[in-house]
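I have placed the structure first, in the form of structure tokens, so that the comments after it can refer back to it.
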């Protein structure tokens with residue numbers, strides 16, 4: 001049985017959520033290097049993160065499912081500014097990411113992770129986490145959210 005890596009993760013939360021969803025869909029898969037990264041997160045970049053591994057014959061079905069999961073996840077969020085559902089996960093332009101690129105270039109073998117944000121494709125609103133599905137935060141309900 002030949003195994004292939006289809007995705008890598010930098011934390012075990014995301015890795016286990018995707019693992020469980022794939023197993024529920026009938027894909028035989030497991031996580032490689034999960035214990036190492038969980039116990040010593042500093043080694044994440046050195047060993048390439050937590051790897052989602054599947055059988056070669058399940059590779060194309062797994063990739064299709066992963067794409068479907070990502071699309072559904074992005075479409076489940078509603079922009080609090082304009083109400084659209086077209087978010088993208090992008091590297092945030094700014095001084096921190098430019099400095100990261102320069103440091104990475106200077107040290108060449110030392111990779112520094114850029115800062116990523118979710119950006120609305122309609123109004124360019126940026127947020128670190130996707131808003132909850134259907135939750136629209138505006139002036140009218142901001143007071144209700146502060147009370148909770």
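Laboratory data are not the source of any read-out in this text; all were calculated from the coordinates shown. Bear in mind that the values here come from a model prediction, so they are computed numbers and not experimental data. Please note: Cβ atoms are built from the backbone with ideal geometry, for glycine as well, and neighbour counts cover all protein chains shown.
Restricting to the range 1-16, what's the tally of residues that are surrounded by 12 or more Cβ atoms within 10 Å (Cβ to Cβ) and out of contact with any helix residue (DSSP H, G or I) (no Cβ under 9 Å at 6 or more places or on another chain)?
Final tally of qualifying residues: 2.
Just give me the residues in the range 20-51 being buried (at least 18 other Cβ atoms within 10 Å of the Cβ), part of a helix (DSSP H, G or I) and either touching a residue at least 24 places away in the same chain (Cβ under 8 Å) or within 16 Å of the chain's Cα centre (by Cα) (or both), in sequence order.
Scanning the range 20-51 gives 22, 37, 44.
So which residues in the range 52-68 are in contact (Cβ under 8 Å) with a residue 12 or more places away in the chain and in a helix (DSSP H, G or I), if there are any at all?
56, 58, 59, 61, 62, 63, 65, 66
Give the range 114-126 a look and list any residue that's closer than 15 Å to residue 86 by Cβ and free of Cβ contacts under 8 Å to residues at least 24 places away in the same chain, or say none.
Scanning the range 114-126 gives a single hit, 124.
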